[in-house]
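Have a look at the structure below before the remarks.
The values are calculated or read from the model by the stated rules, or taken from the named source; none is laboratory data. It should be emphasised that the depicted structure is a prediction, and the values quoted were computed from it without experimental measurement. Don't worry about glycine lacking a Cβ; one is built from the backbone with ideal geometry, like all the others, and counts go over all protein chains shown. Heads up: the accessible areas ignore ligands, DNA and RNA and are worked out on the full protein's heavy atoms, side chains in. Shrake-Rupley method; radii C 1.70, N 1.55, O 1.52, S 1.80 Å.
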Amino acid sequence: MSERASVPPKTAEPTDDQPTDERTNEEQPTAADTRAETKPVTTGAESVVRALENAGVEYAFGVQGGAIMPVYDALYDSDIHHITMAHEQGASHAADAYGIVSGEPGVCLATSGPGATNLVTGIADADMDSDPMIALTGQVPTDMVGNDAFQETDTTGVTTPITKANIFANESDRVGDDVGEAFALAGTGRPGPTLVDLPKDVTLGETEQEPGEPRTPDTYTVQERADEATVRRAARRIEESSKPVMLLGGGVIKGGATEEVRAFAIEHDIPVVTTMPGIGSFPEDHELAMEMAGMHGTGYANMAVTHCDTLIAVGTRFDDRLTGGIETFAPDAEVIHIDIDPAEISKNIHAEYPLIGDAATVIEQLAEAVEHSPQATKWRAQCQQWKSDYSMAYKTPDDEPLKPEFVVEALDEATSDRAIVTTGVGQHQMWACQYWTYTEPRTWVSSHGLGTMGYGFPAAIGARLAADDDQEVIAIEGDGSFLMTIQELSVAVREEMDITVAVLNNEYIGMVRQWQDAFFEGRHSASEYNWCPEFDKLAEAFGARGFRINDYDEVADTIQAALEYDGPSVIDVHIDPHANVYPMVPSGGDNGQFALTEDQL
Amino acid sequence: MTGGLEGPTPEERPKPAGRRNELGIRIDPEAEAARPHRRTVISALVAHEPGVLSDVSGLFSRRQFNIESLTVGPTETDEQARITLVVEESDPGIEQIKKQLRKLIPVISVRELDPDAMRRELALVKVNATRPDQVAAVADMYGGKTVDASPETATIEVTGARQKIDAAIEAFSQFGIREISRTGTTALARGTDDTATEGAQADDYQSENTHTVPADDD
Ligand SMILES: Cc1ncc(C[n+]2csc(CCOP(=O)(O)OP(=O)(O)O)c2C)c(N)n1
Ligand SMILES: [Mg+2]
């Protein structure tokens, strides 16, 4: 299996007591080094922790509780840094974001019953977005399972539809390998969340069984290389095409194929559109970049997708927020679909050229097979024309309050190219997609498929630990979304995390309000508040630094001050409560008929 | 409300000529025939472990696949079980079912059986025994066996393809049917053809589907 296909679990290096000459002083001691001194396992819980150590796990996020206590007790002696979160939902989002930014499965833990059910939203989120993550849940002792014992929930039953795989651990001798297997599955092939349910008797039980390296079960196979004949057919199609478009999805980033797809697009001068999870796979300041397509994608991306004759789609599942109505999605295009999951091919959009395999491997196969670039000078000129026809330029009238687009651009300007952006869900998330110029993979961390309000701030905590120290972490939040997981501020303060939160505060469940205005005659049922907390003061109460912005002239300086503060800071940015997100394709609509104003809906 | 962008209105924009159907397949907008559903048998070899059956049935209900019957039982190998599914779906739907089944970790191999595969079902039919001779005659006609008889009832076991069982039940109905229990279809491929075996990821994802003839039962 190629390294790019997925994130192969970190295998421990062979223990060597004498450091070799190649080893530089900067190198951190590896898990294996520390393990040389660690004691053999004696219980199931110790083997669970040992399995995590074998996998190279550095961080875990969770909340304590009765049924998981044996595992926490074993963690007490481990070098794994555990972050106690305020709520298990926060733990699952933090682990998810850690996985997105680092490429290694993030780890979250919870006790049985309510602990496990609180993880569920984050697990479902990771499942929809194919994020590598492993959840370890406590369970009541095996002999009480099925008796409705205190804090018993059928956790494997609840999570079967929202995990890539889950395991109910049966034996103390095997539980370490169960965890290793779940870890390996989370990161191999198409990534996804896995879960191991850990009955208390299994973790307390004695064992001397040292878990092996993480490995996937024998029944799990991943196809790396695409069928050569189909590659050749696809190559001919690309050569003959006169209106080609590349559509890059999240799979490009997860597969580590960014370099390969960029080289391919640039070599053959093919305009590039991304999906929302694909943001960062192609530099948005490049001439070929058409940016994001779909419901709130740019007009030019949607025009390019609608009118292309050949769509080279990589690592995307053609979600309905991307396609709009299936009938009108790229209706003139023959589709070349590269994906590591065979079940995504022709699930929603029929692929004339199904290429199953690892994104980077298959793009290289294609690169080799394509003999000349498509003749698409006219098409490229057309795409540039659309970029100017449907420019994203917005107005800032003097008599209207601060525009959110301006704030997003100011944040982008004040930070480096490698800054990481996390978001909640709603209008602010869309402005963060549209008005920040992403150039690097793994810098956009958001809840795409599930659309989970409350994702943004705990995700920033996970991202912070996975990021390099010189990467800024910016949470662009909505007032409604932030209120759902704001308690995690206590964690960021306690752990002294440098995170800057910008709440695009419209004192509204804004996205819902926008839909009510468009589709429910402006009846604002349960979308407006008559009171909203002051987020700057709330931040201060948590021990974070609070700021407030009311007007344009405060934007740059306040952002600067918040960024300079070495710790969590929250800027309560009071934006125009009436601002709407455009362009917009209504659900099930025709991407080419995107609305630029409300009366076009 | 505020915001909004400039640019040509939807009416002013060029429109593409093509269209897709609801399955995402490009079509001639003028002439589109509906995609027929067809009934077919899918066999899955799975690890014999708790939870597999609920994984499979959960997958079918969650993804709204039309399933007619599902049977499960042990195989020649202790650690393995065979699940036989009769489904009714369009060609793309059947492809999805196979691919989604293969994604389940305990699933070892999945195959759609050829239309000529052997398919059998067992039914127990309990009828009123007011006319025992006639009941026996009907049972005989369908190769059925009387497995239980009481002064008021007779229970007959019938084995065969689905249509045969349907026909038998129809014939028994003249006596007044008290209860029926059917197993659902189980199946094996013919001759040396493999049903779904270890190591053989039978039909390839890229191979064109050859089973275009609607499968009729035997
Ligand atoms: C957990 C959850 N509940 C409800 C929704 C439905 N929903 C989508 S956007 C939205 C409003 C979000 O409000 P806010 O976070 O303030 O963002 P804004 O749209 O105002 O920027 C709601 C309620 C959701 N996506 N997630
Ligand atoms: Mg809001």
Show me the helices (runs of 4 or more DSSP H) entirely contained within the range A:373-461 in which 3 or more residues are within 16 Å of ligand 1 (Cβ to nearest atom).
A:404-414, A:427-435
Quick one: in the range A:394-418, of everything that is within 14 Å of chain B (Cβ to nearest Cβ), in contact (Cβ under 8 Å) with a residue 60 or more places away in the chain and away from ligand 2 (no atom under 16 Å from the Cβ), which residue is nearest to A:THR439 (Cα to Cα)?
A:PHE406
Within the range A:445-468, can one find any residue that is within 24 Å of A:SER416 (Cα to Cα), within 13 Å of ligand 2 (Cβ to nearest atom) and β-branched (Val, Ile, Thr)?
no
For the range B:93-130, give me each residue that is within 14 Å of another protein chain (Cβ to nearest Cβ) and hydroxyl-bearing (Ser, Thr, Tyr).
B:SER109
Residue set B:ALA129, B:ALA139, B:ALA117; condition of a type in the set (Gly, Ala, Ser) and closer than 18 Å to B:ARG38 by Cα; output residue B:ALA117
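Give me the residue from the range B:158-181 that is charged (D, E, K, R) and over 19 Å from B:THR40 (Cβ atoms) and, out of that set, surrounded by the most Cβ atoms within 10 Å (Cβ to Cβ).
Taking the range B:158-181 first, the residues charged (D, E, K, R) are B:162, B:164, B:166, B:170, B:178-179.
Among the residues that remain, those that are also over 19 Å from B:THR40 (Cβ atoms) are: B:170, B:178-179.
Numbers: B:GLU170: 10, B:ARG178: 14, B:GLU179: 10.
Ranking the candidates gives B:ARG178 first.
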Scanning the range A:68-91 residue by residue, those open to solvent by 10 Å² or more (accessible area, probe 1.4 Å) and part of a helix (DSSP H, G or I) turn out to be A:MET69, A:PRO70, A:TYR72, A:ASP73, A:ALA74, A:LEU75, A:GLU88, A:GLN89
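Does A:THR219 qualify as being surrounded by 18 or more Cβ atoms within 10 Å (Cβ to Cβ), among the β-branched types (Val, Ile, Thr) and at negative phi?
On the way: surrounded by 18 or more Cβ atoms within 10 Å (Cβ to Cβ): no; among the β-branched types (Val, Ile, Thr): yes; at negative phi: yes.
It is false that A:THR219 is surrounded by 18 or more Cβ atoms within 10 Å (Cβ to Cβ), among the β-branched types (Val, Ile, Thr) and at negative phi.
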Look through A:ILE486, A:ILE476 and report the one residue that is within 12 Å of ligand 1 (Cβ to nearest atom), away from chain B (no Cβ under 14 Å) and either free of Cβ contacts under 8 Å to residues at least 40 places away in the same chain or open to solvent by 10 Å² or more (accessible area, probe 1.4 Å) (or both).
A:ILE486
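Quick check on my filter: what residues within the range A:107-125 are in a loop (DSSP other than H, G, I, E, B) and touching an Asp or Glu at 6+ places or on another chain (Cβ under 8 Å)? Walk me through it before giving the result.
Just the residues of the range A:107-125 that are in a loop (DSSP other than H, G, I, E, B), to begin with: A:111-113.
Residues satisfying the conditions are A:SER112, A:GLY113.
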What number of residues within the range A:92-125 satisfy the criterion of being farther than 24 Å from A:GLY451 by Cβ and open to solvent by 20 Å² or more (accessible area, probe 1.4 Å)?
1
All but one of (1) away from chain B (no Cβ under 14 Å); (2) surrounded by fewer than 24 Cβ atoms within 10 Å (Cβ to Cβ); (3) not in a helix (DSSP H, G or I) hold for A:ASP143; state the number of the condition that does not hold.
(3)
Filter the range A:500-526 for residues that are more than 8 Å from ligand 2 (Cβ to nearest atom) and among the polar types (S, T, N, Q); which is nearest to the other protein chains (Cβ to nearest Cβ)?
A:GLN514
Among the residues of the range B:59-80, count how many are closer than 19 Å to B:SER109 by Cβ, among the small types (Gly, Ala, Ser) and crowded, with 16+ Cβ neighbours inside 10 Å.
0
Among (1) among the β-branched types (Val, Ile, Thr); (2) within 14 Å of another protein chain (Cβ to nearest Cβ); (3) touching a Ser or Thr at 6+ places or on another chain (Cβ under 8 Å), A:THR597 falls short only on (3)
Only one of A:MET290, A:MET276, A:MET303 is in contact with a Cys (Cβ under 7 Å, 6 or more places away or on another chain) and open to solvent by less than 10 Å² (accessible area, probe 1.4 Å). Can you tell me which?
A:MET290
Output yes when any residue across the range A:465-473 is at pLDDT below 95, out of contact with any Phe, Trp or Tyr (no Cβ under 7 Å at 6 or more places or on another chain) and open to solvent by 10 Å² or more (accessible area, probe 1.4 Å), and no when none is.
no
Note on B:ARG35: of the conditions (1) over 30 Å from A:TRP431 (Cα atoms); (2) part of a loop (DSSP other than H, G, I, E, B); (3) at the interface with another protein chain (Cβ under 10 Å from one of its Cβ atoms), unmet is (3)
A:ARG237 vs. criteria out of contact with any Ser or Thr (no Cβ under 8 Å at 6 or more places or on another chain), outside the structural domain of A:ASN147 (by TED's automatic domain parsing) and open to solvent by 10 Å² or more (accessible area, probe 1.4 Å):
no
Which one of these is without any contact (Cβ under 8 Å) to a residue 60 or more places away in the chain and buried (at least 24 other Cβ atoms within 10 Å of the Cβ): A:GLY510, A:GLY456?
A:GLY456
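For (1) among the acidic types (Asp, Glu); (2) open to solvent by less than 50 Å² (accessible area, probe 1.4 Å); (3) part of a loop (DSSP other than H, G, I, E, B), each residue gets a yes or a no:
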{"position": "A:ASP127", "(1), (2), (3)": "yes, yes, no"}
{"position": "A:ASN147", "(1), (2), (3)": "no, no, yes"}
{"position": "A:THR156", "(1), (2), (3)": "no, yes, no"}
{"position": "A:THR160", "(1), (2), (3)": "no, yes, no"}
{"position": "A:GLU171", "(1), (2), (3)": "yes, no, yes"}
Can you run down the residue pairs with Cβ atoms below 7 Å, 6 or more apart or on separate chains, where the first is in the range A:299-323 and within 9 Å of chain B (Cβ to nearest Cβ) and the partner is open to solvent by 10 Å² or more (accessible area, probe 1.4 Å) and part of a helix (DSSP H, G or I)?
A:GLY299/A:TRP386; A:MET303/A:TRP386
